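See below for the structure under consideration.
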Amino acid sequence: MKKDFDVITFGESMVLFSPDEKGPLRHIHHFSKAIAGAESNVAIALARLGTKVGWFSKVGHDEFGSYLEFMIRGEGVDVSRLKRDEAHATGLVFKEVFEHVNPNVYYYRKNSAASYLSKEDIDFEYICSAKILHITGITAAISTSAREALFAAIDVAKKAGVLISFDPNIRLKLWSVQEAKATLLKICEQTDILFPGIEESEILLGTTDVDQILTRFHEMGIQQVALKMGKKGCVVSDGQHQEFVPGYVVEQVEDSVGAGDGFAAGYLNSYLKGLSIQECGDFANGVGAMATLVRGDSEGFPTYEQLLAFTNKIEHIDR
């Protein structure tokens with residue numbers, strides 16, 4: 001089948017309200033509106049890097065749903081398979097920001113339109129038109145029907161020779177450790193490219209030992225693992241070669257949310273270019289670091305030229 005897209009991804013996106021000041025939300029009166037959602041973050045980051053990417057979900061038949069569609073399409077992401085739900089609203093999320101710590105996140109997504117995503121909402125031919133299907137564990141967590149849709153998409157993609165890219169993205173506000181572990185390990189067994197964090201690996205495998213983590217994930221049949229180590233960088237492995245790739249120094253982090261999504265996009269863009277795992281890890285670190293320089297979940301994602309300059313692959317000229 002002709003591959004019209006490099007990457008297709010799907011999952012819930014929400015309207016994000018970020019406070020204009022720091023402190024408890026009870027004292028905040030002014031917010032800025034943006035978009036949030038791990039999968040759409042990855043799609044936006046990929047599009048800025050020049051990757052042909054599609055994203056779909058289910059949103060309410062409301063202004064917030066229109067806003068999500070407008071913004072994500074405006075980034076160059078194909079949204080032709082986005083569904084509208086007449087009966088349920090688009091999900092919302094609020095950030096609470098304090099000095100020198102990661103922000104608190106409050107979800108208002110129960111009974112959201114995306115939580116009613118089902119197998120019937122998926123165009124399986126669309127998924128098969130991609131080289132890679134990127135998914136996250138969040139879709140499996142938001143509802144039973146969304147989880148069934150996720151596994152159906154994986155099954156169809158595998159049969160069509162589409163690679164599965166997976167970020168566990170464990171959100172314990174959405175489900176229990178036990179349920180998350182059982183479900184996400186099942187997804188790992190179908191995965192080709194995996195983006196776990198150290199803490200997520202401890203939840204899934206019961207260890208923080210890097211060698212053990214990589215060995216056990218490869219034993220599941222995963223081809224490439226990019227283990228995120230935060231600001232330290234990452235460890236990448238293809239089962240034959242393993243390398244630590246140092247991260248990029250960021251003097252002042254504005255917002256850490258979205259860095260992991262940028263990391264995945266940087267890796268996938270490089271993988272599609274045929275680069276080595278070390279180069280993939282380096283560019284992944286670069287996009288992840290750049291995401292933290294700007295307030296917002298996706299606002300800091302770079303173009304490919306900006307990424308090359310940030311990672312010192314080309315000379316940056318200010319003026």
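What relative contact order, as a whole-number percentage, does region 1-88 give when Cα pairs under 8 Å and 6 or more residues apart are counted? Write down the numbers at each step before the final one.
Working: 146 pairs, mean separation 26.6, N = 88.
Reported as a whole number, the value is 30 percent.
When each of the peptides 29-37, 4-12 is scored by how many other beta carbons lie within 10 Å of its residues on average, the order from highest to lowest is 4-12, 29-37.
Using a simple spin-label model with pseudo-atoms 7 Å out from Cα toward Cβ, residue 249 and residue 232 lie 1.8 nm apart.
For a Förster distance of 25 Å, can you work out the FRET efficiency between the beta-carbons of residue 80 and residue 182, rounded to the nearest 0.05?
0.15
Straight-line cross-link partners of residue 95 among the aspartates and glutamates, defined as a Cα under 12 Å from its Cα and at least 8 positions apart when in the same chain: 20, 21, 255, 297.
Scattering from region 50-94 was approximated by placing one identical point on each alpha carbon and applying the Debye formula without solvent; log10 I(q)/I(0) at 0.23, 0.31, 0.32, 0.34 1/Å stands at -0.78, -1.14, -1.17, -1.24.
Can you work out the FRET efficiency for the pair residue 120 and residue 61, with r the C-beta to C-beta distance and R0 = 22 Å, to the nearest 0.05?
Details: r = 17 Å, r/R0 = 0.79.
Rounded to the nearest 0.05, the efficiency is 0.80.
Its relative contact order, with pairs defined as Cα atoms under 8 Å and 6+ residues apart, puts the chain at 15 percent.
Sorting the segments 287-293, 95-101, 48-54, 114-120 by their mean number of nearby beta carbons within 10 angstrom, highest to lowest, gives 287-293, 48-54, 114-120, 95-101.
Selection among 91, 115, 133 by position relative to the dipole of region 86-164 gives 133 as farthest towards the positive end (Cβ unit charges, Cα centre).
Reported to the nearest whole Å, the Cα centre-to-centre distance from region 9-63 to region 197-276 is 23.
For region 83-134, taking Cα atoms only, Rg and Dmax work out to 16.3, 47 Å respectively. Give me the base-10 log of I(q)/I(0) for region 135-272 at each q in 0.09, 0.13 Å⁻¹, Debye formula, one uniform scatterer per Cα, rounded to two decimals. Here the Debye-derived log intensity ratios amount to -0.26, -0.55.
Each Cα pair of region 127-185 feeds into the Kirkwood radius, which the Stokes-Einstein equation turns, at 10 °C and 1.306 mPa s, into a diffusion coefficient of 134 µm²/s. Overall shape of the chain was characterised from the C-alpha gyration tensor. The equivalent ellipsoid obtained from it has semi-axes of 26, 25, 20 Å, in decreasing order.
Taking the mean number of other Cβ atoms within 10 Å as a proxy for protection, how do you rank 69-75, 144-150 from highest to lowest?
On the way: 69-75: 16.6, 144-150: 18.4.
My ranking of the peptides, most packed first, is 144-150, 69-75.
The length gained by stretching the chain between residue 308 and residue 104 to full extension, at 0.36 nm per residue less their Cα-Cα distance, is 70.2 nm. Cα convex hull, region 165-208: 66 Å³ per residue, rounded to a whole number.
Any read-out appearing in this document is the output of simple, stated calculations on the displayed coordinates, not a laboratory observation. Small disclaimer: the values here were computed from a predicted structure and weren't measured. Note that we place each Cβ from the backbone using ideal geometry, even for glycine, and neighbour counts take in every protein chain shown.
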